[in-house]
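The values are calculated or read from the model by the stated rules, or taken from the named source; none is laboratory data. Just so we're clear, the structure is a prediction, and the values are computed from it rather than from any experiment. Reconstructed Cβ throughout: ideal geometry from the backbone, glycine too, with neighbour counts over all protein chains shown. Just so you know, the surface numbers come from the protein's heavy atoms only, side chains and all, with ligands and any DNA or RNA stripped out. Shrake-Rupley method; radii C 1.70, N 1.55, O 1.52, S 1.80 Å.
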Amino acid sequence: NRISLIHAHYVFPTGALALMAKLLFKIPFVVTAHGGDLDQMAKKHPSIQKLTRKILNEASAVIVVGAGLKNDVMKNYGVIEQKIHVLSMGVNTKVFKNSDKTGALISLNLPMESKKILYVGNVIRNKGIVELVEAFETLQHEYSLYLVGSTKDEGFVDEVKQMIKERDILNIFFIPPQKQADLFLWMNACDVLVLPSYHEGFGLVALEGLACGIP
């Protein structure tokens, strides 16, 4: 009933609701840009890009999760530097920590003998999935590749699976999104973590991997 400030995570669409509250009820807002909201969402349509610019400039403060995003907000959306704050995301080290590899393998019912490469993130083109699969082709007889994350972009996922089939690449497994407690197990069970993205707001999964001790 007495809201003094709104903090919107993601510039669009949640930032649009915060902007509406400001215009209708004079409630100020702060917005956090996480990366995909600027790199992908804003580029889907000129109207979304225009609204994104208005949201960023109407905000009392703009939080970004990395220095690259700060430059993006200044250069592409005309936000003054004094209003932008770089605040990187954190990792819960009570969840993500180094643990017994054998126990993790048993918990996930994974084979003990094979070497394992882990990718965690949405299975989308901008994450470098095509290049990852192409690179993995040379390692397929020594390693297994586990792609852990959302496959909602069905058209792209089908394209990747077709490429895997045509090239007869072995040992690639698609795993649905996992809770943090289970991601901790995956990071302790696998031998190396890869993050081949073309664009990342911050790349939190890399820090989670570091906390677990996975190269």
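Numbers below:
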{"quantity": "Any pair with Cβ under 7 angstrom, 6 or more apart, that starts in the range 68-89 at a residue that is of a type in the set (Ser, Thr, Tyr) and ends at one that is assigned to a helix (DSSP H, G or I) and surrounded by 14 or more Cβ atoms within 10 Å (Cβ to Cβ)", "calculated": "Tyr77/Thr52; Tyr77/Arg53; Tyr77/Leu56"}
{"quantity": "Some residue of the range 122-138 being over 19 Å from the mean Cα position of the chain (by Cα), within 16 Å of Ser197 (Cβ to Cβ) and open to solvent by 30 Å² or more (accessible area, probe 1.4 Å)", "calculated": "yes"}
{"quantity": "Residue in the range 176-192 that is closer than 16 Å to Phe96 by Cα, in contact with a Pro (Cβ under 7 Å, 6 or more places away or on another chain) and not hydroxyl-bearing (Ser, Thr, Tyr) present", "calculated": "yes"}
{"quantity": "First in the range 174-194 and over 29 Å from Asp158 (Cβ atoms) and aliphatic (A, V, I, L, M), second anywhere and open to solvent by less than 50 Å² (accessible area, probe 1.4 Å) and in a loop (DSSP other than H, G, I, E, B), Cβ under 9 Å, 6 or more apart", "calculated": "Ala181/Val95"}
{"quantity": "Flag for Ile164 being under 17 Å from Leu139 (Cβ atoms) and open to solvent by less than 60 Å² (accessible area, probe 1.4 Å)", "calculated": "yes"}
{"quantity": "Answer residue from the range 79-121, given it is within 18 Å of Leu204 (Cα to Cα) and of a type in the set (Ser, Thr, Tyr) and is surrounded by the most Cβ atoms within 10 Å (Cβ to Cβ) among those", "calculated": "Tyr119"}
